[in-house]
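The values are calculated or read from the model by the stated rules, or taken from the named source; none is laboratory data. No experiment lies behind these values; they were computed from the predicted model shown. Cβ atoms come from the backbone with ideal geometry, glycine included; neighbour counts cover every protein chain shown.
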Amino acid sequence: MKGCPGGENYFLNFLLYLASNKFQFNLHQTFFMSTNQLKAAILKEINGADATTLKDIYAVIKTIKEQKASPAWDELTDLQKRKIETGLTQLREGKTVNARSFTESLKKKYGIKA
């Protein structure tokens, strides 16, 4: 996205994030790859992907291209931008929480039984 933290690697990191569910990428590691490293990793996975995965990747590319044209980042408040930037900094520093652990903590905190 225009003006979005993460710069030119945002698109490539997002693709790797989506592919990570199928290809077991380490998202934290991919966040720090150079553009050329990201391109090489994506091309390697594309070359071994099945038809369904290729269609998913193509859909993501189209969606991201559409979002890049959006002024959405510029429309965020300064507070929203700071919160996003804080989240990206926490990701870079490895301050992440497993989704399952997070869900379990919410269930416990709010007494959700399911």
When you go through (1) surrounded by 13 or more Cβ atoms within 10 Å (Cβ to Cβ); (2) assigned to a helix (DSSP H, G or I); (3) at pLDDT below 65 one by one for Pro5, which number turns out not to apply? (2)
Contacts under 8 angstrom Cβ, first residue in segment 57-83 being of a type outside the set (Asp, Glu), partner modelled with pLDDT of 80 or more and part of a helix (DSSP H, G or I), 6 or more apart: Ile57/Ile46; Trp73/Lys81; Leu76/Ile84
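Those residues that are free of Cβ contacts under 8 Å to residues at least 12 places away in the same chain and either β-branched (Val, Ile, Thr) or in a loop (DSSP other than H, G, I, E, B) (or both), I need them from segment 88-112; list them, please.
Taking segment 88-112 first, the residues free of Cβ contacts under 8 Å to residues at least 12 places away in the same chain are 89-90, 93, 95, 97-112.
Those that are free of Cβ contacts under 8 Å to residues at least 12 places away in the same chain and either β-branched (Val, Ile, Thr) or in a loop (DSSP other than H, G, I, E, B) (or both): Thr89, Glu93, Lys95, Val97, Asn98, Thr103, Gly111, Ile112.
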